[in-house]
Amino acid sequence: MLDLGPHLVDQALHLFGPARSVYAELGTVRAGAAAEDDIVLHVLHRDGVRSVLVAGMASAAAGPRFQVNGDAGGYLVHGFDVQEQQLKDGGSPASLGAEWGVEPPSAWGTLTTADGSRPVPSERGRWDVFYPAVAAAVSGRGAVPVDPRDAVATAEVLDAARESARTGRLVPVTGTDAAG
């Protein structure tokens, strides 16, 4: 939950606004795992949007990485962020230049509406901007690249998820207004 969970919650809050309540199921499915490795969070946002955030470390079959559904269509992405693979392959922002963080067409998401399905180019990954901004902030030479209130709002949702999983109840989130 504390590996991928914060990223999923942060994205949901950024896309759909502050959370109103959370219902969560947390489990450990891998033998010897010291932390939850199978999570499902149902987040009700203040504007009525519902997010279902799922992560698991023991899935035999890969599912979609990101899926958004609404009343006018849906968007689906498979695969991982290309930047990680570029690093594993020995690339860097310096060596790859304008190709750094650019997803190949085979990795683009698919938008499906009543008119059909079509690929949508992914926005370029920006680790090359984010991490230098973090370094500048830590050294006192720049502003933090993420509003600290966003981190607090994410932590509040994760705390509510833990309480929900412990009690089996829907838990209100009454804290910080953050992204959205």
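The values are calculated or read from the model by the stated rules, or taken from the named source; none is laboratory data. Please read these numbers as outputs of a predicted model, since none were measured by experiment. Neighbour counts are summed over all protein chains in view; Cβ atoms, including those assigned to glycine, are modelled from backbone coordinates with ideal geometry. Each accessible area value is taken on the protein alone, full model and side chains, heavy atoms only, with ligands, DNA and RNA left out. Shrake-Rupley method; radii C 1.70, N 1.55, O 1.52, S 1.80 Å.
The modelled label-to-label distance between residue 92 and residue 11, using points 7 Å beyond Cα along the C-beta direction, is 2.8 nm. Computed as a quarter of the hull surface, the mean projected area of the alpha carbon convex hull for the stretch 85-130 stands at 3.9 nm². Charge dipole (Cα centre; +1 on Lys/Arg Cβ, -1 on Asp/Glu Cβ; no other charges) of the chain amounts to roughly 180 debye. Expressed as a whole percent, the accessible surface of the stretch 1-152 that belongs to carbon and sulfur atoms is 58, based on a 1.4 Å probe. Inverting the pair-averaged 1/r between distinct Cα atoms of the stretch 22-133 gives 16.9 Å as its Kirkwood hydrodynamic radius. Using a ≥ b ≥ c from the Cα gyration tensor of the stretch 11-63 (square roots of the eigenvalues), is it rounded, prolate or oblate, where a/c under 1.5 gives rounded and otherwise the larger of a/b and b/c decides, a/b for prolate? It comes out prolate by the Cα gyration axes.
State the Cα centre-to-centre distance between the stretch 66-145 and the stretch 1-26 in whole Å. Spelled out, the Cα-based centre of one part sits 19 Å from the other.
On the principal axes of its alpha-carbon atoms, the stretch 80-180 has extents of 50, 48, 24 Å, going from largest to smallest.
In the full protein context, the chain carries 63 Å² of accessible surface per residue, based on a 1.4 Å probe and ignoring ligands, DNA and RNA.
For a protection proxy built on the mean count of beta-carbon atoms within 10 angstrom, sort 116-126, 146-156 highest first, please.
So the peptides 116-126, 146-156, ranked by packing, come out 146-156, 116-126.
Extents of the stretch 123-166, taken as max minus min of Cα coordinates on every principal axis and listed largest first, are 41, 28, 12 Å.
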